Ligand code: GDP
Ligand code: MG
């Protein structure tokens, strides 16, 4: 199955198997949107803007193959628990953020980790197999944590010990410390191309004006075999119905892949 992504007036086709969703969760004001902003455009804002639920899409051409990464930047308060559940169900990789200077935000990450495992195990029962759940726990605001740290590293590391799909990183979105390493670690665990990490591809921006240019930019025209990433300017959060279809298709695909593996092994 191919998915069509509109980028300007150029249409990009991304195979469904190369489409992923990254879900960013955590209490309010811990720096989720700041981490996402570092990922998308390398920028940091000191000013706080509350998030309801932001959706972004990044499209890649990696050595000639198209990939798509959807990013769901959630709100910390979750006024609609069913929506959070749906976000978790559609997630392929997770970033759980707390602030190193806020104990309560760490407790929230512990609750979220538990909830993700519970929600995903419902899906696991459907597919009758343990789902791999690539997840990074991220202690943010490392830049001033020495002054008022409320969560020792050793305690946060305990949350990921013994799980090869889960890792802990201390980062600073403000100073851009360890952020690239965190994304690299997450993509490695998820077996996604390393080039999806911000530091490992050339960033191409498509301005709105370019979209209407007579000779539109098109990633398919990228001739050499490097890695390119572009933030999609027209990304909209899919509807609940599309999310449900996405989950159904994913469960089906995973089931088919397992059947194929069985046939190959026999
Ligand atoms: P969100 O509610 O989790 O999305 O948090 P935001 O990303 O909106 O950040 C909340 C506030 O914390 C903003 O004022 C940011 O400027 C600030 N902030 C985010 N990351 C850092 C960081 O690494 N260090 C410091 N000192 N402040 C940060
Ligand atoms: Mg936010």
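Every number in this text was worked out from the coordinates using simple rules, so none of it is lab data. Since the model is a prediction, treat every value here as computed from it, not as a measurement. Cβ sites come from the backbone with ideal geometry, for glycine too, and all protein chains shown count toward neighbours.
Once fully extended, how much extra length lies between residue 77 and residue 251, figured as 0.36 nm per residue of separation less the alpha-carbon to alpha-carbon distance? It would help to have the intermediate numbers written out before the result.
Details: separation 174, 0.36 × 174 = 62.64 nm, distance 2.89 nm.
Extra length from residue 77 to residue 251 when fully extended: 59.8 nm.
Given all pairs of different Cα atoms, what value in angstroms does the Kirkwood hydrodynamic radius of the stretch 23-145 take? Walk me through the numbers before you get to the answer.
On the way: mean 1/r = 0.0647 Å⁻¹.
Answer for the stretch 23-145: a Kirkwood hydrodynamic radius of 15.5 Å.
Which of 148, 166 comes first, and how do the rest follow, when ranked by fewest Cβ neighbours within 10 Å? It would help to have the intermediate numbers written out before the result.
Details: 148 11, 166 19.
With the fewest neighbours first, 148, 166 line up as 148, 166.
To make sure I understand, if each residue's beta carbon is the centre and we count other beta carbons within 10 Å, what order do 106, 80 fall in, fewest to most?
Starting with the residue having the fewest Cβ neighbours, the order is 80, 106.
So the label point goes 7 Å from the Cα of residue 150 along Cα→C-beta, right? Which residues of the stretch 81-104 then have their backbone N under 17 Å from it?
The answer is 97-104.
Can you classify the stretch 63-127 as rounded, prolate or oblate using the Cα gyration tensor, where a ≥ b ≥ c are the square roots of its eigenvalues, rounded means a/c under 1.5, and otherwise it's prolate if a/b beats b/c and oblate if not? All intermediate terms of the calculation are to be shown ahead of the outcome.
Values: a/c = 1.96, a/b = 1.32, b/c = 1.49.
Verdict is oblate for the stretch 63-127.
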